[in-house]
Amino acid sequence: MGAEALSKNEVAPAEAPLVLGLQPSALVDHVAPVDWSLLHQIPGEHGGSIPIELGELENLLREVKIHVLSCHDDDDGCNPSSDFKTLAGGSVANTIRGLSNGFGISSGIIGACGDDDQGELFVNNMNFNGVDLSRLRKKKGHTAQCVCLVDDLGNRTMRPCLSNAVKVQPEELTKEDFQGSKWLVLRYAILNLEVIQAAILLAKQEGLLVSLDMASFEMVRNFKQPLVKLLESGNIDLCFANEDEATELLRGEQDADPLNAVEFLAKYCQWAVVTLGSNGCIAKHGNEIARVPARGEAKAKDATGAGDLFASGFLYGVIKGLSLEECCQVGACSGGSVVRSLGGEVTLENRHWMYKQMQIMNLPTPHTDK
């Protein structure tokens, strides 16, 4: 199949990571702040995510770099190096990286990267952040990329360029991938449904708990039935949805408010969480319900990764045996840390901000927990 393991110097030690993330295709994000003069030139709906071809992506990247440089010429306060970021991306990669570098939880990723510069960048970025890459396959072809354009309100317009060749297939997964781990982190995607189902089956055979993120309201709206079947299987232990996704999940059936959505998810999952952006979150575990406000500035510089990093914090809380409310509070601190700068990776400065917020709330940080 053209797949090969990464070389020994690219992978972490052999001991199984506590948390595994399944991201069938490695992804590299190119994140830049832009104004409406550029957004108006780009075909498609603003704020959405529309797949494009490699040539289109390269053209768009050239336009964005010119735009950022012209912004630098017009404004001495604009720094091109800090206002254009290229880093390992993807929802699951963001969550796994956040668990590893922010919370000290041993984490690994299952997926495939290409044999190109972008694949090398993905490997280097995840490796630097302590993520176990021994389950990441290298394949011939280009690594998936995504241009993330961030407007002055922190909203994103995304143009991904995917790669069918560089992707883990269901038959490539083995029980050895999952042995010794405790959690599997997934993101719902109809194109990855078969590999998701195969991963859940193997994970459950090895006794892992499974966390599922609903991905996007478009994904829920267009492919609701397979998602509901996943929930009804009883194999999803923890489910994350944002308010828009929760609304789509209940559309046409009952009042689509966050509390009803949490109740619906809690019928199938041990932990059910609906995030509400600047309004915090609501969660349920057993008979317990928690409502927690957001942390940090009301105005996000870039919302990329907010939900992904909320999941990192919440999972850390669950792993450490914290109460439901405390899990939500750690999630709020973690999600609030990533929106303070561009990209889905928490900077060192923002990580320290997160720890300070946790200490203010009397929550155990990775440096103080036992």
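The residue list GLY114, GLY119, GLY108 contains one member that is within 17 Å of the chain's Cα centre (by Cα), on the phi < 0 side of the Ramachandran plot and not charged (D, E, K, R), which is GLY108. Only one of the listed residues (ALA272, ALA298, ALA198) is at pLDDT 95 or above and more than 19 Å from the chain's Cα centre (by Cα). That residue is ALA198.
Summed over the range 234-288, residues that are part of a loop (DSSP other than H, G, I, E, B), in contact (Cβ under 8 Å) with a residue 12 or more places away in the chain and among the aliphatic types (A, V, I, L, M) total 2. Within the range 82-131, the set of residues being closer than 25 Å to GLU176 by Cα and of a type in the set (Asp, Glu) comprises ASP115, GLU120.
For the range 204-218, filtered to residues that are charged (D, E, K, R) and not in a helix (DSSP H, G or I), the residue that is surrounded by the most Cβ atoms within 10 Å (Cβ to Cβ) is ASP213.
Of LEU38, LEU121, LEU87, LEU54, all but one fail to be of a type in the set (A, V, I, L, M, F, W, C), closer than 30 Å to LEU315 by Cα and modelled with pLDDT under 95; the exception is LEU87. Scanning the range 228-245 for residues being under 15 Å from ARG187 (Cα atoms) and modelled with pLDDT under 95 gives a total of 2.
Here the range 246-267 is the region considered, the condition is being at pLDDT below 95 and charged (D, E, K, R), and the residue that is nearest to VAL318 (Cα to Cα) is ASP257. One residue alone among GLU288, GLU263, GLU232 is in contact with a Phe, Trp or Tyr (Cβ under 7 Å, 6 or more places away or on another chain) and not β-branched (Val, Ile, Thr), and that residue is GLU232.
The strands (runs of 3 or more DSSP E) found wholly in the range 101-203 and carrying at least 1 residues that are of a type in the set (Lys, Arg) and closer than 30 Å to HIS40 by Cα occupy 156-161. If I filter the range 328-370 down to residues being of a type in the set (Ser, Thr, Tyr) and part of a loop (DSSP other than H, G, I, E, B), which single residue comes out as farthest from LYS85 (Cα to Cα)? Top of the filtered list is THR368.
Of note, SER163 does not satisfy the criterion of being farther than 24 Å from GLU15 by Cβ, of a type in the set (Ser, Thr, Tyr) and surrounded by fewer than 17 Cβ atoms within 10 Å (Cβ to Cβ). Filtered by the rule that a residue be at negative phi, under 17 Å from the mean Cα position of the chain (by Cα) and not β-branched (Val, Ile, Thr), the range 329-350 gives GLY331, ALA332, CYS333, SER334, GLY335, GLY336, SER337, ARG340, SER341, LEU342, GLY344, GLU345. Using the structure shown, decide if SER278 is of a type in the set (S, T, N, Q), closer than 24 Å to ASN362 by Cα and surrounded by fewer than 20 Cβ atoms within 10 Å (Cβ to Cβ). When the stated conditions are applied, SER278 passes them.
The values are calculated or read from the model by the stated rules, or taken from the named source; none is laboratory data. Computed from a predicted structure; not experimentally measured. Ideal geometry is used to build each Cβ from the backbone, glycine not excepted, and the neighbour counts take in all protein chains shown.
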